[in-house]
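*Asks:* There's a structure below that I have some questions on.
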Amino acid sequence: MNGEARLLAPLVPTRGYFPDFLTPAEGLLGLADALAALRETPADRLHTELSRLSTAARPLPSWIRAMADGETRALGRLATILQGYYEVAVAPHWARIQGRIEADRAARGRALLDGGADRLLASLPPMMRWRPPVLEADYPVDRDLHLNGRGLLLLPSYFCRRTPVTFHNPDLTPVLVYPVEHPAPRLTPHVPSERCLGRLVGKTRSAILQGVGVGCTTSELARRADVSLASASQHATVLRDAGLLTTLRQGNAVLHTLTPLGAALLRGARPAEDAAYERLA
């Protein structure tokens with residue numbers, strides 16, 4: 001797979017432009033739908049977007065040139081490579097990825113409920129600044145994106161780093177992909193997962209786990225589980241170390257959300273990432 005994955009490098013440079021067709025809107029429905037949409041990309045769009053990648057100093061490989069010329073087999077090969085890359089590089093880590101994404105969504109949803117669109121936009125990571133009516137963002141190039149009455153789809157991304165990204169084509173649905181928060185490494189010694197899970201026995205931690213719901217602060221968790229603030233914080237730490245909770249700092253407070261593993265434990269079902277992976281097989 002390593003050799004196949006290297007073929008993707010010319011399509012997604014480390015800096016600068018990459019084709020919009022690689023991130024179809026159907027990706028919101030899952031990988032299978034995204035790959036199906038990619039295979040149906042019109043030839044004229046392929047030619048337009050791939051031509052922007054080619055330079056005199058960096059000509060495109062022959063298979064990408066064939067795709068730009070409308071060769072359907074080359075497009076099918078790209079979809080196969082992307083599927084394989086996902087299975088090797090993403091699927092094994094899906095629980096952690098989904099946990100961070102859900103934590104960010106919970107934080108944005110809470111901001112929206114507390115203060116509407118203004119609070120939501122002001123809560124975005126620091127590389128974006130809400131100065132009504134303009135959302136400023138650190139971006140690789142100087143660019144303005146005018147909504148012209150359209151909505152803006154905000155997409156948290158585990159792999160997006162440093163700056164948000166959007167489509168090159170301004171006529172596409174306005175989308176802003178922004179980085180989720182990646183917590184700093186913990187300085188406490190690593191606790192083996194078997195020991196962490198063994199510490200979960202007891203009614204209080206069960207109540208804590210159930211009390212998290214779709215996301216809550218430590219104070220709210222203490223009230224829901226009818227324990228002290230210190231106790232709620234201690235139990236949340238144990239659950240987080242066991243991989244059942246994710247904690248995201250929001251100003252002076254922290255927001256706890258369930259990871260897929262934590263949600264699966266409450267449902268009495270196997271982890272969600274395993275089921276999602278089998279649907280793709």
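*Asks:* Tell me the mean residue ellipticity at 222 nm calculated for the chain from its helices only (DSSP H runs of n ≥ 4, each -39500 (n - 2.57), averaged over every residue, nearest 500).
*Replies:* Rounded to the nearest 500, the figure is -13500 deg cm²/dmol.
*Asks:* Hey, another quick one. Please state the charge dipole magnitude for the chain, taken about the Cα centre, from unit charges on C-beta atoms (+1 on K and R, -1 on D and E), reported in debye and rounded to the nearest 20.
*Replies:* 820 debye
*Asks:* Just flag the GluC sites (Glu not before Pro) in the stretch 1-48 sitting in loop per DSSP whose Cβ has no more than 13 other Cβ atoms within 10 Å.
*Replies:* Answer in residue order: GLU40.
*Asks:* Would you work out what percent of the accessible area of the chain, with all protein chains in place, is carbon or sulfur (probe 1.4 Å)?
*Replies:* 55 percent
*Asks:* Calculate one ³J(HN,Hα) per residue across the stretch 83-98 by plugging θ = phi - 60° into the Karplus curve 6.51 cos²θ - 1.76 cosθ + 1.60, and present them in order as whole Hz with x for glycine and proline.
*Replies:* 4, x, 5, 4, 4, 8, 9, 10, 3, x, 10, 4, 4, 5, 4, 5
*Asks:* Mind checking the stretch 117-165 for trypsin sites (Lys or Arg not before Pro) that DSSP puts in a loop (not H, G, I, E or B) and that have at most 13 other Cβ atoms within 10 Å?
*Replies:* Passing sites in the stretch 117-165 are ARG143, ARG150, ARG161, ARG162.
*Asks:* Multiply the residue separation of VAL88 and SER228 by 0.36 nm, subtract the distance between their alpha-carbon atoms, and state the gained length in nm to one decimal. It would help to have the intermediate numbers written out before the result.
*Replies:* Numbers: separation 140, 0.36 × 140 = 50.40 nm, distance 4.37 nm.
Between VAL88 and SER228, full extension yields 46.0 nm more.
*Asks:* From the residues PRO125, TRP94, GLY262, which one has its Cα farthest along the dipole of the chain in the positive direction, the dipole being from +1 and -1 charges on Cβ of Lys/Arg and Asp/Glu about the Cα centre?
*Replies:* GLY262
*Asks:* Sort out the exposed loop chymotrypsin sites (Phe, Trp or Tyr not before Pro) in the chain (DSSP loop, at most 14 other Cβ within 10 Å) and tell me the longest stretch that has none.
*Replies:* Within the chain, the longest run free of exposed chymotrypsin sites (Phe, Trp or Tyr not before Pro) spans 18-158.
*Asks:* Out of residues 5 or more away from VAL254 or on other chains, whose amide H comes under 5 Å of its own, with H placed 1.01 Å from N in the peptide plane?
*Replies:* Sorted by chain and number, the residues that satisfy this are THR218.
*Asks:* Follow-up. Antiparallel DSSP bridges in the chain: what percent, to the nearest 5?
*Replies:* Bridges in the chain are about 70 percent antiparallel.
*Asks:* May I pose another question? Using the Cα centre of the chain as origin and beta-carbon charges of +1 (Lys, Arg) and -1 (Asp, Glu), tell me which of LEU248, PRO61, GLY84 is placed farthest towards the positive end of the dipole.
*Replies:* Most positive-ward Cα: LEU248.
The values are calculated or read from the model by the stated rules, or taken from the named source; none is laboratory data. Predicted, not measured: the structure shown is a model, and the values here were computed from it. With ideal geometry, Cβ positions are generated from the backbone for all residues, glycine too; neighbour counts draw on all protein chains shown. Side chains are part of the model used for accessible areas, which takes the heavy atoms of the whole protein and leaves out ligands, DNA and RNA. Shrake-Rupley method; radii C 1.70, N 1.55, O 1.52, S 1.80 Å.
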